[in-house]
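Inspection log for the structure reproduced underneath, given as structure tokens.
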Amino acid sequence: MQQVNGGFAQKKVGAIQRIGMALGVVLVCCGLASSQTWVTMNTGKAPPFNVGVALQLTDGRILVQENGTSNWWTLTADKSGLYRNGTWKKVASFPAAMNYVPLYFTSAVLPDGRVIVEGGEYNNGVQDWTNKGAIYDPVKNTWTEVKPPSGWTQIGDAQSVVLPNGTFMMANINNGETALLNAKTLTWTVTPGTGKNDVNDEEGWTLLPDGKVLTVDTYVFLNDPSGMNSEIYDPSTQAWTSAGSTKAQLWDSRAGCGGKNPSNEIGPGVLMLDGRVFYLGANTCGVAGHTAFYDTTTGTWSKGPNIPGVNDVADGPAAVLPNGHVLVDTNPGYGISPSTFYSFNGSGWNTIPQPTGLTSSNTEGHRLLMTAAGTVLFTHVGNPEMWFFVPVAGFDSAAQPVITSLPSTVTRGKTYTVGGTQLNGITQGAMFGDDAQSATNYPLVLITNNSTGHKFYARTHGFSTMSIAPGKASTAKFDVPAGMETGGSTLQVIANGIASAALAITVN
């Protein structure tokens, strides 16, 4: 499959790609820029609204908030699998009675395919760290209000994660507490955050292969005078323990620059396909931001290469590409324009051209989403601007989902089960930290008709796990679209933009 421009662009590179990552040198160059690029929506397909956060639904559609409103839209790919030539449709809005118009909030796709949205640093343009929230059912096209955890008067721009057992966990920004959502009853269980070194505010959470959660502290407490402490959350004990020094300060403790106040901001921490967490620093004002690696095998930290120039990532996105590189959005200090994109190959940097037509902006208003098509959707919050980043063709075969059980024949409108290993992928995909989450570590099912080549996404749900452990066995249910074409076809499972081998299937 060699469609690009917001569609498919993958082939195996496996060990060769990983060797290339290991042998990279720390330098800035433009050698890869010619083979990876930004593409816009096709003529007449631009979003008819100012975009906000985007999430990948399990039925293949992309759900996008209309920024500054309670409205939401979906983008459906065309029959060739191209999102840039897709169709926009306005879907259900938040219930009017909620008066809920959030900006900088927490969000996630749940194992049943629903979408949870909680909090907001702003609501209706007022900075009030709202505790409102709602859950979206894509099948019924309805939003339902979710009451806040008991005693939580604020949620705001909290960080969150879906744990391997499928439970959505959200932070209390005012202390070390967390809240666990019962998705069936839409009620919360508050846990005390035992052992947490500092408050959760401004931090990000990275899911690890062993099912635990990594964070880097953004405040200095008495038992952490260095300002370089990290912590691990164990879901089995609901407690935090130290993960050691990050070796380089990653959060912004300086006086603000460019008119900004001291921020305590930090960049994203993305789990790369080689098993290291790559953490990007925000500590800059005319000085290059630091980075650090957390080795999930040894549980140790090491310094990474500084971000090129005088750039850093303070409140900014990154995304793990199918080939194992990381797309990084940077700027020269918190809230300062312009942004500069880089691709990190595991040891060094490559400069990525800015998207054509991007108005001057910084990382705080940028969001990235790893799409089912293997491209990265970039939305410029508050503007009708979005692009797809088409990476270098190829993917790391070690991260590829593998199907081990599949019915040979399916019927339109019916539900079936697919089984395999690492159907969720081995990373969360894209990361921001607090303010926004858009993880894609869940299986999507794509059915392609042999005669026409048309592509149809089957809605997935009922995931047996959300684990990103390499080789982890799991199952997922999928609903064969009632209106899809029949006959000989192939089926693939996609996670984080990486597709499994195509297996034969007949659609009745």
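Here are the numbers for the structure shown:
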quantity: Close pairs from region 36-58: first at pLDDT below 95 and basic (Lys, Arg), partner buried (at least 21 other Cβ atoms within 10 Å of the Cβ) and not in a strand (DSSP E or B), Cβ under 6 Å, at least 6 apart; calculated: none
quantity: Filter pass, THR363 being free of Cβ contacts under 8 Å to residues at least 24 places away in the same chain, β-branched (Val, Ile, Thr) and assigned by TED's automatic domain parsing to the domain that holds VAL64; calculated: no
quantity: Options GLY176, GLY151, GLY166: the member that is among the small types (Gly, Ala, Ser), on the phi > 0 side of the Ramachandran plot and in contact (Cβ under 8 Å) with a residue 40 or more places away in the chain; calculated: GLY166
quantity: Residue tally, condition assigned to a loop (DSSP other than H, G, I, E, B) and over 28 Å from ALA495 (Cα atoms), over region 122-145; calculated: 7
quantity: Selection within region 348-380 - under 20 Å from PRO47 (Cα atoms), surrounded by 21 or more Cβ atoms within 10 Å (Cβ to Cβ) and of a type in the set (A, V, I, L, M); calculated: LEU368, LEU369, MET370, ALA372, ALA373, VAL376, LEU377
quantity: Tabulated pairs, region 96-121, first assigned to a helix (DSSP H, G or I), second surrounded by fewer than 21 Cβ atoms within 10 Å (Cβ to Cβ), C-beta under 6 angstrom, 6+ apart or interchain; calculated: MET98/GLU145
quantity: Members of region 34-63 found to be surrounded by 17 or more Cβ atoms within 10 Å (Cβ to Cβ) and of a type in the set (A, V, I, L, M), listed by number; calculated: VAL39, MET41, VAL51, VAL53, ALA54, LEU55, LEU57, ILE62, LEU63
quantity: Verdict on TRP152 being of a type in the set (A, V, I, L, M, F, W, C) and under 29 Å from THR475 (Cα atoms); calculated: no
quantity: Residue match in region 124-133 (condition: under 17 Å from LEU444 (Cβ atoms), at pLDDT 95 or above and among the small types (Gly, Ala, Ser)); calculated: no
quantity: Selected residue (only one of LYS184, LYS147 is more than 19 Å from PRO268 (Cβ to Cβ), touching a Leu at 6+ places or on another chain (Cβ under 8 Å) and basic (Lys, Arg)); calculated: LYS147
quantity: Residue list for region 69-93, restricted to those being of a type in the set (S, T, N, Q) and part of a loop (DSSP other than H, G, I, E, B); calculated: THR69, SER70, ASN71, SER80, ASN85, SER93
quantity: Lone qualifier among ASN85, ASN71, ASN67 - being over 22 Å from ARG459 (Cα atoms) and either modelled with pLDDT under 95 or surrounded by fewer than 20 Cβ atoms within 10 Å (Cβ to Cβ) (or both); calculated: ASN71
quantity: Out of ASN182, ASN200, ASN131, ASN174, sole residue that is closer than 24 Å to VAL109 by Cβ and surrounded by fewer than 18 Cβ atoms within 10 Å (Cβ to Cβ); calculated: ASN182
quantity: Residue match in region 473-488 (condition: out of contact with any helix residue (DSSP H, G or I) (no Cβ under 9 Å at 6 or more places or on another chain), on the phi > 0 side of the Ramachandran plot, without any contact (Cβ under 8 Å) to a residue 40 or more places away in the chain and not polar (S, T, N, Q)); calculated: yes
quantity: Wholly within region 358-420, strands (runs of 3 or more DSSP E) carrying at least 1 residues that are over 20 Å from the mean Cα position of the chain (by Cα), modelled with pLDDT of 95 or more and among the basic types (Lys, Arg); calculated: none
quantity: Residue, modelled with the highest pLDDT, within region 221-236, restricted to residues that are over 16 Å from LEU208 (Cα atoms) and part of a loop (DSSP other than H, G, I, E, B); calculated: MET228
quantity: Answer residue from region 259-276, given it is of a type in the set (A, V, I, L, M, F, W, C) and buried (at least 24 other Cβ atoms within 10 Å of the Cβ) and is modelled with the lowest pLDDT among those; calculated: ILE266
quantity: Residues satisfying the stated conditions in region 152-165, i.e. within 16 Å of the chain's Cα centre (by Cα) and of a type in the set (Gly, Ala, Ser); calculated: ALA158, SER160
quantity: Among the residues listed as VAL161, VAL190, the single one being surrounded by fewer than 17 Cβ atoms within 10 Å (Cβ to Cβ), part of a strand (DSSP E or B), in the same structural domain as ARG114 (by TED's automatic domain parsing) and in contact (Cβ under 8 Å) with a residue 12 or more places away in the chain; calculated: VAL190
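The values are calculated or read from the model by the stated rules, or taken from the named source; none is laboratory data. Being a predicted model, the structure only gives us computed values, none of them experimental. Ideal geometry is used to build each Cβ from the backbone, glycine not excepted, and the neighbour counts take in all protein chains shown.
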